[in-house]
There are 2 protein chains.
Amino acid sequence: MPTAPDGVSGTRFGAQDRASLYGVLQERRDMRHFVPGQTVPDAVLARVLHAAHCAPSVGLMQPWRLIRVRDAALREGIAQLVEQERLATAAAMQERSAEFLALKVEGVRDCAELLVAVLAPDDGTLFGRRTMPRDMALCSAACAVQNLWLAARAENLGLGWVSLFEPAALGQLLQLPEGAQAIAVLCLGPVPAFYPKPMLELQDWRHGRPLEEMVATDRWPG
Amino acid sequence: MPTAPDGVSGTRFGAQDRASLYGVLQERRDMRHFVPGQTVPDAVLARVLHAAHCAPSVGLMQPWRLIRVRDAALREGIAQLVEQERLATAAAMQERSAEFLALKVEGVRDCAELLVAVLAPDDGTLFGRRTMPRDMALCSAACAVQNLWLAARAENLGLGWVSLFEPAALGQLLQLPEGAQAIAVLCLGPVPAFYPKPMLELQDWRHGRPLEEMVATDRWPG
């Protein structure tokens, strides 16, 4: 629990807070296996949505929108779009196609709650985005998803960011306005177990590179 | 502190962990005021960099790169690019130009540590990004920055994401390879105080909208 302020405005966090945060960061996983037939309590869902809304945004534009999918036909429509894209990706992968098809890459039908994160249409904000308008809005929306993800993990719920879809088709299904773009189908809910490592590592699909290769002083790292 | 696993693989986080995480999420601020002449201990810097590297990434591509700026001339060059863009933004703002120029929008010269976050050149990863290749890589890099930001706040250090720069000019200054793009100049270090609200709200530049306007069930929130 955060301790009281200590001389400066704002909470002074302690070692226990950091252990909790670092634990959540390290054990957050991109989950694709969910326990079917579960629900997420309203209070928990409210907390994870609030976490998303705590995200930073360029010029305070808050370009994230979240659609909670409750309609069964809508969920099924999303599942079918994801399946189409899974097959299209497999076809594009050529020699790793069969290996890709053997992976479980989404939990759209099984997860307790399905959310779609959408990048809102550009509202014309100039602050901090004169040179990179779309990139900075997109980064803000991604930060909101990451906040939601961390909150979900702290609530012992799994979350999977599914990006296997054609954004135009999903936009049409969700009747998004012009200029809005779905960026994530988010599967949220209880999981049988959290992967001890990223699933793509567990399945020997790909292995992560160490931090040391990503950082350098005064020059490009690689 | 996270408790031991409880029946499932992976830590089962408790109420105290959630209070810590939610505290950090809520009190993270985009800081522009730093205490000059400070340093960040190596161990702390290592922890926040590690936090960034815990981020999710599409297809495990880990497209983030971080340049730690230690060279004084390089820092000064970045400060000048940011100042150029601040003036260009002010000019583009027309009627709010003077109000914008009165805001403190960066702490590049004052912060203890200056980092530049870079989106790596496309490595051809297909997994999860056949339809949105650049967007999904960018979202992954943004998640890494958000992780770093949360870690910094838990370490009681301020962080400011400065996006006031021409990416081509900054890329040239940093000698980035073809296809790489700087997305954030990150000012990190001790601050005199954390803003109790986003600085843009404190300064009446803009006020955030409530979560309720960002979420809807089975439809666009409006």
With helices defined as uninterrupted DSSP H runs, which ones in chain B have an alpha carbon span along their own long axis of at least 30 Å and mean Kyte-Doolittle hydropathy of at least 0.0?
B:72-93, B:133-154
Can you list residues from other chains, or at least 5 along the same chain, whose modelled amide H is less than 5 Å from the amide H of A:Arg219?
B:Arg68
Can you give the accessible area per residue of the protein assembly as shown, in Å², using a 1.4 Å probe?
38 Å²
Applying the Karplus parametrisation 6.51 cos²θ - 1.76 cosθ + 1.60 with θ = phi - 60° to the phi angles of region A:160-168, what ³J(HN,Hα) value in whole Hz is obtained for each residue in order, glycine and proline being reported as x?
x, 8, 9, 10, 7, 7, 8, x, 5
In debye, nearest 20, what is the charge dipole magnitude of the protein assembly as shown about its Cα centre with +1 on Lys and Arg Cβ and -1 on Asp and Glu Cβ, if you could check?
420 debye
Using a simple charge model, +1 on the beta-carbon of Lys and Arg, -1 on the beta-carbon of Asp and Glu, nothing else, what dipole does chain B show about its Cα centre, in debye to the nearest 20?
280 debye
In whole Å, what is the distance between the alpha-carbon centres of region B:121-159 and region B:17-95?
13 Å
Can you tell me, using C-alpha contacts under 8 Å and at least 6 residues apart, the relative contact order of chain B as a whole percent?
31 percent
What gaps in nm, shortest first, separate A:Gly14 from its twins in the other copies when you place the label 7 Å past Cα toward the beta carbon?
1.4
What's the extension gain from B:Ala216 to B:Ala72 if we count 0.36 nm per residue and subtract their Cα-Cα distance?
46.9 nm
Can you compute the modelled spin-label distance between A:Ala168 and B:Ala43, with each label point 7 Å from Cα toward Cβ, in nm?
5.5 nm
Just tell me which aspartates and glutamates come within less than 15 Å, Cα to Cα, of A:Lys197; anything on the same chain fewer than 8 places away is out.
A:Glu27, A:Asp30
With all protein chains modelled, accessible area of B:Val215 [1.4 Å, Å²]:
40 Å²
Using only the Cα atoms of region A:96-159, construct the convex hull and provide its projected area averaged over every direction, in square nanometres to one decimal.
7.1 nm²
Over the heavy atoms of B:Arg12, what accessible area does a 1.4 Å probe trace out, to the nearest 10 Å²?
110 Å²
Which value in deg cm²/dmol, rounded to the nearest 500, describes the helix-derived mean residue ellipticity at 222 nm for chain B, given -39,500 (n - 2.57) per DSSP H run of n ≥ 4 and division by the residue count?
-12000 deg cm²/dmol
Could you give, in nm with one decimal, how far B:His207 is from each other copy of that position, shortest first, with labels 7 Å out from Cα toward Cβ?
5.5
Lone cysteines in chain B, going by a 4.7 Å Cβ-Cβ cut-off?
B:Cys54, B:Cys139, B:Cys143
Semi-axis lengths (Å, descending) of the ellipsoid that matches the C-alpha gyration tensor of the protein assembly as shown:
32, 24, 23
Take the alpha-carbon positions of region A:1-145, form their convex hull, and give its projected area averaged over all directions (one quarter of the hull surface) in nm².
13.0 nm²
Return the percentage of antiparallel bridges among DSSP beta bridges fully within the protein assembly as shown, rounded to the nearest 5 %.
80 percent
³J(HN,Hα), Karplus 6.51/-1.76/1.60, whole Hz, each residue of region A:186-203, x for Gly, Pro
10, 8, 10, x, x, 10, x, 6, 7, 4, x, 9, x, 4, 5, 7, 4, 8
Give me Rg over Rh for region B:64-222, both radii from the alpha carbons and Rh done the Kirkwood way, two decimal places.
0.99
Accessible surface of B:Asp204 - all protein chains present, 1.4 Å probe, nearest 10 Å²
100 Å²
Diffusion constant of region B:138-222 at 4 °C, which comes from Stokes-Einstein with the Kirkwood Cα-pair radius and 1.567 mPa s, µm²/s:
81 µm²/s
Is any residue of region A:104-130 close enough, with backbone N under 18 Å, to a label point placed 7 angstrom from the Cα of B:Met93 along the Cα-Cβ axis, and if so, which?
A:123-130
Lys/Arg +1, Asp/Glu -1 at C-beta; chain B dipole; positive extreme among B:Leu81, B:Cys111, B:Leu60:
B:Leu60
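The values are calculated or read from the model by the stated rules, or taken from the named source; none is laboratory data. Note that this is a predicted model, so its numbers are computed, not measured. Glycine also receives a Cβ, built like all others from the backbone with ideal geometry; neighbour counts cover every protein chain displayed. Remember, those area values only see protein heavy atoms, side chains included, never the ligands or the DNA or RNA. Shrake-Rupley method; radii C 1.70, N 1.55, O 1.52, S 1.80 Å.
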